[in-house]
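Each remark here refers to the structure printed beneath this line.
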Amino acid sequence: MRLKRFSNLSLRNLGARLQRTLLTAVGIVLGVGIVFGVITLSDTMSGAFRELFSRAYGAADLTVTAAGGNGPFDEELLKEVRATPDVESAAPRLSQSASLLLGGVDERGLPEVRSMRVFGVEPETASLATGFELAEGEYPEEGAQVALDGNSAESLGVRPGDEIRIGTAQGPTDLTVVGLLRIPGGSFGGVSFGMMPLPEAQRVFDKPGKITGIAVEATDEGAVAALEGRLERGLGEGLQAERSETRTAQVDAQFQGFRIALLFFAGTALFVGAFLVFNALSMTVLERTRELGMLRALGATRAMISRSVILEATILGIIGSVLGLLLGYGMARGLVYLFGRAFRFEVTGLSLSPFAIVAAVVVGLLVTVLAALYPALRAGRVSPVEAMRARTGGSAASGRTRGSRLLPVLGLLLVGVGAPWTYYLAKNLSTELSGLVYASGIAGVVGTFLGVSLIIPALVRPLSALFSPFLRLLFGVEGKMAATNATRNRGRTALTASALMVGISLVVAFSALGGSVLGSIRTYLEDSLGSDFVVQPANSDFDVTFSGGLEEEVSRVPGVAETTGIATTIRRDGREVNVVLGVDESYPEIFRLNINGGAEAFAALSEGEALVGQQLAERRNLGPGDEVELKGIRGTQTYRVAGVVENDILAGGTGVYVSKETMARDFGVDADGFLAIRAEPGADRGEIGREVGAVLKDYPQLTLYSNAEWKEQIESDFNRQYVFFYAIMGVSVAVSAFGVVNTLSMSVFERTREIGILRAIGTTRFQVGRLIIDEGIVISLIGCTVGIVVGSLLGYLFVLGSSAGGFEVVFHYPEIPAVLALVSGLFIGVFAGLLPARSAARTNIVEAVQYE
Amino acid sequence: MSEGSNNVAVEVVDLEKVYGSGPTAVRALKGVSLSFAAGEFAAIMGPSGSGKSTLLHILGALEEPSSGRVVIGGTDLSGLSDKKLTLLRRSRMGFVFQFFNLIPTLTAEENVMLPVLISGEGTARYAERLDELFSLVGLEERRNHRPDELSGGEQQRVAIARALVRNPDLVLADEPTGNLDSKTGAGVLELLRESAARYGQTVVMVTHDARAAAVADRVVFLADGRVVDEAREPDADEIFERIRTLESAG
């Protein structure tokens, strides 16, 4: 290949330094990968939810549901809807969670089940009621018939004519498969779908005369808007008519905040990647000083030189971005898997949007080029006289600039503003999940990081001095030298350490938050939960209920002292989401509630009053005697607040407690979904567990937990969700580790002569190598120590701010993550140092000493 | 080469160069006036710190003088912007460095073509020029070799070809033999002399090697930032003698 243009020189340079090129690109690859992975993850998840809704809503122009939720309402309303002008047809449905029995038993001896959603439908209007299509056979006509989704039928090995068994409120029910359904777009996770005749569904799910939705088709498309208004008015406040797109838009809005949070983590990885590019290009410029001077002498202008560096960065950015996309695809798969595990949710297939691809590449490229600006400027400023100079190795090493005294002050200022700001927003983060709050919370955290990064240069010397005796103890005189070496180019050491600090502090901060929330939940459970067993839906579905007969049966088990059933429903009103809990008098017997307003406030529930969770009370500024409005099937109702529940963990602080009667009358929920059981003192709990288990054997959709198991379950759910975040944060720590490699390579390069002299006067290869590794350890330790301090502080702010569960979160210091962070700092230092140390050890003494 | 030629290619008048300021200021040049004729091969000699490198940098428009004038081919360099100076270097000058400064990732031919690439000219019209230069430096067989496959002398020949490729008026050489053994060095000097003669170029070379200087038409002696002596077509012994005198005086 003949060189045709000056710009081709950049390409040659990259090719010649292939190893460094790839090392530099690693940061971009990981950064772009994680950004792409995260966007794809959120696209995939919101796409999956959107699809779920479109399936459930089907071809309907409008869907009528209970106001503010998916609660049941009277099927008589169907007649009214049908009588409304412009309604072409209307299809009722009763949507219920059930479980499909797979025939086997699990390790606990319980039947193996898969979650299932069952729709009770009319055969005539079944095709309108949901988005599913009939692939084979027919819709269920009457009695114990079911149309099952094709995938589930296949995995169970059943054909039309065969029987399946599902768990319902009435216990296990056998149904004859009469048809197979096709789910447009393939299977949705591990969930099965079925259709039953409406009357049969109402019977087995204990919802006589109730439906949860009416799918409406308008006479023509132009009439939809008018019809929406007419239905809204005509049906009264208790019901709402929604267009399918409205719900879809709500899903998207809910994912927006989640997406921004994830992008923040991804952004830190990219930020660290940018730093890697900056460092590597600065190094290249430094190495090529003489060559650049020569080019200037030969008549290359400053702009040409700067452009060639920018061009190198651009090529690097393109390579990195493309590789990043490939990696990102893999990451997206991994993240979707982790997400599924964390939130008990399974999705097949990724949605790869062109936007995600373009965004990831553009961001990757932009970040690379921005990081290259300063090195490019410096390259342009290389004097042509450099061509005449012998060698200009570490001429740029002095780190002291005019602003170096001012920067730490500015840093302190930034921390002083950023940290309280974060605190303030963290407080609001849990109440209103808007994109703006997320974004400004992130701005606070970023400001804090930036501030700390500016302070770090001032900390390099004292911290190195602090580590010096320790290193000396461990590694002898090299350890001490290494600590001094780390302070020689303070700017670079600080930058490298800062990158590591960001990753480490995020890990520590989130560990602190997670550990504290978990610790507080544990404390709450120990303090407030007086039960010995709980029964709850296997999939935490809110619409799984069981008949009152079940509670009675359980309470008859010998040794059971007290039981309390809880009915729940979710209310949505615009952005607000509330959990309404229907409780009876025995509730305080088992849950030790702390009620602001006095324990007697509980008695007021029977007079139609309500208790509200602490967080809801704070948000709406409610206290005893105030009024709270909720939308139900009878329209918006006003309840007098009898008291504020300080430890409302069941509903995450936003719960509204009402009596069972209020629940049935105003929200249409007359069956319980959660049961807490207290044993008599001294009773054999193992025996009670077995007996209650026997009662529940016919209700596989319900799971019995002993208190210990329940706590374990809550904790493991929680930890699974956390693993997901750790995975993302781990990437930015990994990228910053590469930064340490780069910095050490640069140190080795700059000190070639010095290393040669050390070797000449009798330092062994091993000692020289160790010198470099020790320097890596010093840099990493600085990053990790500061990271732990900042992370603890941020974690404390998060905890303080987010009284996340509506109960007080007590700060639990994350000792184990902090110690792990410190240890990982040592490891990162050692591993990052290996390669540069090898090249230092291999320094040719003669060449190095002549290197002047 | 012809004596007394009034065809002046390069002229410097009253050059002063001060590095730094205050008590630590270093006066590298203290009023140097010189002129070089077109086609002249001149050597500048002097002990370390005499200001010879500084003079070369200023002649090459690599550095600006603190005061005084530099005129190259009728163009006064005073007050020209960095961009203008760069373009001037590009079109009028060629450089030969002590450390060759070839780009290791490029072949000999590509290195020679570098000034053409920098100027953005098409490479095609230089095909003949390349043949001519490679035959001049005697490396026809090694055109596609990379610098690390060439000996020191060969590398410096490539560097000379690079300096000559765009036919500069002025070739500046900084210790061109400094990194070569004497035999190879002699060959390189011969080449510089020949090119000056053949293309009518002014060659100014800084050296501290008397034998190298002896090849030049004219030797200018610098000490302590001033021109202290000059010789026309001296031989090596004469140069040695003068240096010794200079050093004992200094």
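The numbers here are math on the coordinates, done by the rules we state, and not lab data. If you're wondering where the values come from, they're calculated on a predicted model, not measured in any experiment. Note: ideal-geometry Cβ built from the backbone for every residue, glycine included; neighbour counts use all protein chains shown.
Other protein chain C-beta atoms within 10 Å of residue C-beta, averaged over A:284-293: 1. The relative contact order of the range A:68-237 comes to 33 percent, based on Cα pairs under 8 Å that sit 6 or more residues apart. So how far, in whole Å, is the C-alpha centre of the range B:120-169 from the one of the range A:479-519? Using only Cα atoms to place each centre, the spacing works out to 52 Å. If only the Cβ of Lys and Arg carry +1 and only the Cβ of Asp and Glu carry -1, the dipole of the range A:68-237 around its Cα centre is close to 460 debye. Peptide B:80-92 has a mean of 3 when you count, residue by residue, the C-beta atoms of other protein chains within 10 Å of its C-beta. Label zone of B:Glu238 (point 7 Å out along Cα→Cβ, amide N under 13 Å): in the range B:28-52 this covers no residue at all. Once divided by 2.2 N^0.38 Å, the Cα radius of gyration of the range A:547-698 becomes 1.10. DSSP beta bridges fully contained in chain A are about 80 percent antiparallel.
The trypsin sites (Lys or Arg not before Pro) of the range A:487-589 meeting both criteria, a DSSP state outside H, G, I, E and B (loop) and at most 13 other C-beta atoms within 10 angstrom of the site's C-beta, are A:Arg556, A:Arg575. By the gyration tensor of its Cα atoms, with a ≥ b ≥ c the square roots of the eigenvalues, what is the shape of the range A:449-516: rounded for a/c under 1.5, prolate for a/b over b/c, or oblate? Cα axes put the range A:449-516 in the oblate bin. If each DSSP helix of 4+ residues adds -39,500 (n - 2.57) and the sum is divided by the residues in chain B, what number results at 222 nm, nearest 500 deg cm²/dmol? It comes out at -11000 deg cm²/dmol, rounded to the nearest 500. Relative to the longest principal axis of the Cα atoms of chain B, the long axis of helix B:236-249 lies at roughly 40 degrees. As a length-normalised measure over Cα pairs under 8 Å and 6 or more apart, the relative contact order of the range A:547-698 settles at 33 percent. Per residue of peptide B:113-119, the mean number of Cβ atoms on other chains within 10 Å of the residue Cβ is 6.
Counting only Cβ charges, +1 for Lys and Arg and -1 for Asp and Glu, the dipole size of the range A:199-326 around its Cα centre is about 820 debye. Once the C-beta distance of A:Ala144 and A:Glu607 is scaled by a Förster radius of 51 Å, the resulting FRET efficiency is 0.75 to the nearest 0.05. Between A:Ala465 and A:Thr523, take the C-beta separation as r, use R0 = 45 Å, and let me know the FRET efficiency to the nearest 0.05. Between A:Ala465 and A:Thr523 the formula returns 0.60.
Dividing the summed helix terms, -39500 (n - 2.57) for each DSSP H run of n ≥ 4, by the number of residues in chain A produces a 222 nm estimate of -19500 deg cm²/dmol to the nearest 500.
Relative to the longest principal axis of the Cα atoms of chain A, the long axis of helix A:354-380 makes an angle of roughly 20 degrees.
Potential lengthening of the chain between A:Leu826 and A:Arg685 amounts to 45.9 nm, from the contour at 0.36 nm per residue minus the alpha-carbon distance. Find, to one decimal place in angstroms, the Kirkwood hydrodynamic radius of chain B, where the mean of 1/r is taken over every pair of different Cα atoms and then inverted. Computed over Cα pairs of chain B, the Kirkwood hydrodynamic radius comes out at 18.6 Å. Against chain A, whose longest principal axis is taken from its Cα atoms, helix A:477-486 shows a tilt of about 80°. Along the axis of the charge dipole computed for the protein assembly as shown (Cβ charges of +1 for Lys and Arg, -1 for Asp and Glu, origin at the Cα centre), the listed residues A:Thr130, A:Ile310, A:Phe798 are led at the positive end by A:Ile310. Here the protein assembly as shown is treated with +1 on each Lys and Arg Cβ and -1 on each Asp and Glu Cβ, and its dipole about the Cα centre works out to around 6260 debye.
Relative contact order of chain A, taken over Cα pairs closer than 8 Å and 6 or more residues apart, is 17 percent. When the protein assembly as shown is described by a simple charge dipole with +1 on each Lys and Arg Cβ and -1 on each Asp and Glu Cβ, the residue from A:Ala241, A:Val830, A:Ala201 located farthest towards its positive end is A:Val830.
In the protein assembly as shown, if the dipole is taken from +1 on Lys/Arg beta carbons and -1 on Asp/Glu beta carbons about the Cα centre, which of A:Ser89, A:Ile757, A:Pro814 is farthest to the positive end? Comparing the listed Cα positions along the dipole, A:Ile757 ranks first. Its Cα gyration tensor gives chain A an equivalent ellipsoid. The semi-axes, each the square root of 5 times an eigenvalue, are 61, 31, 25 Å from largest down. Amide H contacts of A:Thr703: A:Gln536, A:Ala538, each under 5 Å away and 5 or more positions distant or on a separate chain (H built 1.01 Å from N in the peptide plane; Pro and chain starts excluded).
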